[in-house]
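Visitor: Below you will find the structure I want to go over with you.
The values are calculated or read from the model by the stated rules, or taken from the named source; none is laboratory data. Owing to the predicted nature of the structure, the values given are computational and were not obtained by experimental measurement. Methodologically, a virtual Cβ is constructed for each residue, glycine included, from the backbone with ideal geometry; neighbour enumeration extends over all protein chains shown. Note: areas computed on protein heavy atoms with side chains; ligands, DNA, RNA excluded. Shrake-Rupley method; radii C 1.70, N 1.55, O 1.52, S 1.80 Å.
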Amino acid sequence: MAVKWRVAGIFFFILLCFGYGCGKSEEKERGKVLSEAMVIYKEEFPVLAYTVDGEGNLYTVGNKTTETSMEENGVYHLHQYDNKQNLLWEYSFDPSFAGVDALAVQGRTIYFTASRVVAGKGSCISLCALDMDLNEINILSDYTFYDRIHQMLLQEGRLYLLGGKDYSVKARRLGGSDGYSFYEDRLIYYDLEEEESYAVGIEYPIRMAFAEDGSLMVHAYMDGEGYQLLQYDPVQDSIKTAVKFDGCRMTDFAICHEGKDLIYSYSVNSRGLVLAALDNLGSETELCPNKLLGSRMDTKLLYQDGEVYLLDGEDRVVRFALADVYHGNEAIRYISPGYEIDAPYGCGHTMQRQELSEDKFVLKVLAQDSDYDLCLIDTINSSSYNLRKNGVFYPLNDVPGVEEYLDLCFPYVKEAATKEDGTVWMLPIAVYMPGLVVQEETLAKMGVSLTRNMDWKEFSSVIAGITPEEKELISLSRMVCSMLFFQQYFTQYNSLDQEVFRQNVVALQQVDSNLWLTPYREDQKYLFYYIRYMGDYTNLFLKEYYYGENAKVYPMPKLSEGDVNTATCILLAVNPASSHLQETLDFIADYVAWQMAEEEAPLFFQEPVPEAGSFESEVYQLYQNGEIAYTVDTDAYMEGFYEMLDGEKGMEEYIKGTEGKLRIYFGE
């Protein structure tokens with residue numbers, strides 16, 4: 001069928017409580033833990049596309065993969081489920097219909113797009129209609145300018161198609177360093193009554209969603225104006241700007257709360273699925289954590305009748321009621337000294353994040369400014385010792401669930417969160433325990449005598465004794481060794497004028513300054529590889545492809561062989577001067593409830609104990625025997641340290657020059 005083009009939108013118009021300890025007697029019902037509110041549809045194949053009809057029935061399409069039937073592997077299957085996951089209807093496509101990208105439904109007709117080879121046109125995307133009663137397919141239109149369809153939406157007799165062509169004579173267009181990559185993406189609609197296709201005049205569309213007033217909202221890039229959310233009025237055939245973004249903020253999105261709020265999956269960080277008001281995008285509500293999405297960028301997000309639908313990282317359809325997880329609270333303002341990869345999941349609370357320089361962060365916390373509610377810091381930051389010693393924070397002892405949460409942690413983690421008088425001053429949300437992933441068989445073949453529980457003298461002698469070629473199989477740096485050494489040292493000593501310091505510095509001088517933290521190589525396994533983040537120990541991809549079945553986890557070297565392992569902690573602490581104290585404590589209560597309900601326990605929880613002999617048991621043993629270190633300000637001791645290691649400065653000269661700084665620092 002010939003395609004007619006009616007360009008829409010010539011003109012663009014720019015628009016842009018729980019009363020526990022806070023003095024409140026009114027009790028607020030706690031929100032559901034996400035795992036309780038969430039429904040995951042069990043499907044026998046990875047879902048490639050889905051849609052939902054007006055009665056809440058779910059339609060999914062996917063391609064089964066079997067080891068026995070190559071013929072079956074090329075067939076796409078369509079299923080219909082009611083909202084209780086009962087299978088109501090199923091259909092198998094003819095193998096000539098491949099790459100089913102999108103679905104829409106009206107009554108007993110399912111509209112879908114599929115890749116086909118058409119005589120005289122070659123490979124193209126076909127828009128089709130499937131009669132569920134007759135099991136018959138009608139081809140509505142063929143499009144040679146599409147290779148794939150990102151989305152298809154149906155409203156008021158129009159099927160809106162947004163797709164792209166991957167390989168084109170036109171160059172790819174980048175919308176900035178954090179931008180979306182355009183391959184001639186375009187937006188059209190097919191009029192079911194006129195049986196014709198028309199273009200919508202948006203040059204670089206990214207994703208689309210319908211607002212409750214019937215207007216089509218399109219996330220798009222505009223030449224010279226950047227990223228915007230455009231509002232297309234199908235009746236007036238006009239387009240105006242609803243809001244401008246400061247970059248490519250999102251991939252998939254939906255509109256809720258009578259057009260006031262935006263639900264979206266992030267394209268530039270790891271905050272999962274969030275909700276924000278169109279007129280206040282700085283305050284965000286995390287509706288589900290990033291780990292549910294995994295590495296997925298195309299969640300095929302849908303909001304309908306108060307329900308949120310999306311595809312998770314395992315290609316499953318997930319559904320939850322927005323009201324079950326969204327609190328609608330005044331924004332909780334939390335500050336941090338820079339971006340933290342393990343920032344807490346917001347549990348449906350609106351959060352306003354501010355990432356400060358470390359100096360500004362420390363000044364604000366110590367001054368107890370009232371313009372923030374919560375602070376987040378990794379104790380590897382050089383201000384953490386000062387904050388632990390001099391900071392004043394709201395006690396969390398009476399917050400529901402906190403004591404139970406801490407009882408699940410290893411004792412040293414609970415001890416770090418508790419002051420001498422029993423006050424719980426912070427909530428640990430991640431523990432980073434550095435270790436070495438080791439290939440013991442490779443070590444044995446090369447005659448490298450690395451063992452568990454080495455001190456720095458033994459470890460440094462191993463490093464000094466291996467060949468330059470073998471050093472290329474080590475992912476570790478002298479800077480990492482030095483920083484860990486000082487963390488260990490300052491948990492026991494306040495002065496460098498100690499024999500144990502001198503002996504360990506002599507050992508560190510043998511660690512090659514040319515060692516680096518290098519990424520994994522696929523051609524061979526490392527002798528040993530330094531890791532620190534919790535996520536690197538639990539990452540199944542790293543375990544399968546890089547660590548290997550026989551990989552072991554060794555503790556890092558220590559001052560003395562009998563010392564415990566030294567870890568750092570990501571912690572949350574509450575500002576006692578907060579003007580949103582009740583909401584902040586509500587969030588803490590919900591966070592610990594969510595964390596304790598999760599199937600996958602944090603590595604710093606004592607349960608469950610992994611199976612003996614497994615990689616997980618190696619990690620468990622590493623975490624089991626530890627302590628939390630608070631980092632001393634590097635300005636007090638790092639000046640001249642590397643020059644001393646390189647022999648450019650004498651040890652006694654360095655010690656003498658540093659002792660005065662440390663006396664002042666620890667005397668504060």
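Visitor: Filter the stretch 332-353 down to the residues that are of a type in the set (A, V, I, L, M), in contact with a strand residue (DSSP E or B) (Cβ under 7 Å, 6 or more places away or on another chain) and more than 13 Å from Tyr372 (Cα to Cα) and list them by number.
Guide: Ala343, the sole residue that qualifies.
Visitor: Before we move on, is Tyr334 closer than 28 Å to Glu44 by Cα and hydroxyl-bearing (Ser, Thr, Tyr)?
Guide: Taking the combined requirement at face value, the residue does not satisfy it.
Visitor: Residue check: is Leu78 surrounded by 20 or more Cβ atoms within 10 Å (Cβ to Cβ) and in contact with a strand residue (DSSP E or B) (Cβ under 9 Å, 6 or more places away or on another chain)?
Guide: For Leu78, the condition - surrounded by 20 or more Cβ atoms within 10 Å (Cβ to Cβ) and in contact with a strand residue (DSSP E or B) (Cβ under 9 Å, 6 or more places away or on another chain) - is met.
Visitor: Also, quick follow-up: Quickly run through the stretch 448-459 and pick out the residues that are closer than 27 Å to Ser382 by Cβ, touching a Pro at 6+ places or on another chain (Cβ under 8 Å) and part of a helix (DSSP H, G or I).
Guide: Trp456, Phe459 - these are the residues of the stretch 448-459 that are closer than 27 Å to Ser382 by Cβ, touching a Pro at 6+ places or on another chain (Cβ under 8 Å) and part of a helix (DSSP H, G or I).
Visitor: Same structure again: Given the conditions (1) open to solvent by 10 Å² or more (accessible area, probe 1.4 Å); (2) within 27 Å of Ala430 (Cα to Cα); (3) among the hydroxyl-bearing types (Ser, Thr, Tyr), and given that Ser513 satisfies all but one, which numbered condition is not satisfied?
Guide: Among (1) open to solvent by 10 Å² or more (accessible area, probe 1.4 Å); (2) within 27 Å of Ala430 (Cα to Cα); (3) among the hydroxyl-bearing types (Ser, Thr, Tyr), Ser513 violates only (2).
Visitor: Taking only the stretch 296-322 into account, find how many residues are in contact with a helix residue (DSSP H, G or I) (Cβ under 9 Å, 6 or more places away or on another chain), surrounded by fewer than 20 Cβ atoms within 10 Å (Cβ to Cβ) and not acidic (Asp, Glu).
Guide: 3
Visitor: Return the residue satisfying two criteria in turn: it lies in the stretch 215-225 and is open to solvent by less than 20 Å² (accessible area, probe 1.4 Å) and out of contact with any Leu (no Cβ under 7 Å at 6 or more places or on another chain), and of such residues it is modelled with the lowest pLDDT.
Guide: Here the answer is Ser215.
Visitor: Look at the stretch 219-230 and say how many of its residues are more than 16 Å from Glu184 (Cα to Cα) and outside any loop (DSSP other than H, G, I, E, B).
Guide: Number satisfying all stated conditions: 5.
Visitor: Being over 24 Å from Thr379 (Cβ atoms) and part of a loop (DSSP other than H, G, I, E, B) is the filter here; which residues of the stretch 524-556 pass it?
Guide: Gln524, Lys525, Tyr526, Leu527, Gly548, Glu549, Asn550, Ala551
Visitor: How many residues are open to solvent by less than 10 Å² (accessible area, probe 1.4 Å) and under 41 Å from the mean Cα position of the chain (by Cα) when one looks only at the stretch 646-668?
Guide: Matching residues across the stretch 646-668 total 2.
Visitor: Of everything in the stretch 272-289, what is assigned to a loop (DSSP other than H, G, I, E, B) and crowded, with 18+ Cβ neighbours inside 10 Å? Give them in sequence order.
Guide: Correct list: Gly272, Pro289.
Residue by residue, here is whether (1) in contact with a His (Cβ under 9 Å, 6 or more places away or on another chain); (2) modelled with pLDDT of 95 or more; (3) open to solvent by less than 10 Å² (accessible area, probe 1.4 Å) holds:
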| residue | (1), (2), (3) |
| --- | --- |
| Val574 | no, yes, yes |
| His580 | no, no, no |
| Phe587 | yes, yes, yes |
| Ala597 | no, no, no |
| Tyr620 | no, yes, no |
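Visitor: Let me ask something additional. Please tell me if Gln368 is open to solvent by 10 Å² or more (accessible area, probe 1.4 Å), farther than 26 Å from Ser482 by Cα and modelled with pLDDT under 90.
Guide: Yes; evaluated as a whole, the condition is true for this residue.
Visitor: Within the stretch 464-497, work out how many residues are in a loop (DSSP other than H, G, I, E, B) and closer than 18 Å to Val564 by Cβ.
Guide: Number of matching residues: 3.
Visitor: Do you know which of the residues in the stretch 456-479 that are under 15 Å from Pro557 (Cα atoms) and open to solvent by 20 Å² or more (accessible area, probe 1.4 Å) is modelled with the lowest pLDDT?
Guide: Ala464
Visitor: Follow-up. So which of Ala242, Ala254 is among the small types (Gly, Ala, Ser), out of contact with any His (no Cβ under 9 Å at 6 or more places or on another chain), in a strand (DSSP E or B) and more than 19 Å from His150 (Cα to Cα)?
Guide: Going through Ala242, Ala254 in turn, just one is among the small types (Gly, Ala, Ser), out of contact with any His (no Cβ under 9 Å at 6 or more places or on another chain), in a strand (DSSP E or B) and more than 19 Å from His150 (Cα to Cα): Ala242.
Visitor: Within the bounds of the stretch 625-640, is there any residue that is more than 30 Å from Thr442 (Cα to Cα), of a type in the set (A, V, I, L, M, F, W, C) and part of a helix (DSSP H, G or I)?
Guide: Looking for residues that are more than 30 Å from Thr442 (Cα to Cα), of a type in the set (A, V, I, L, M, F, W, C) and part of a helix (DSSP H, G or I), one finds at least one in the stretch 625-640, hence yes.
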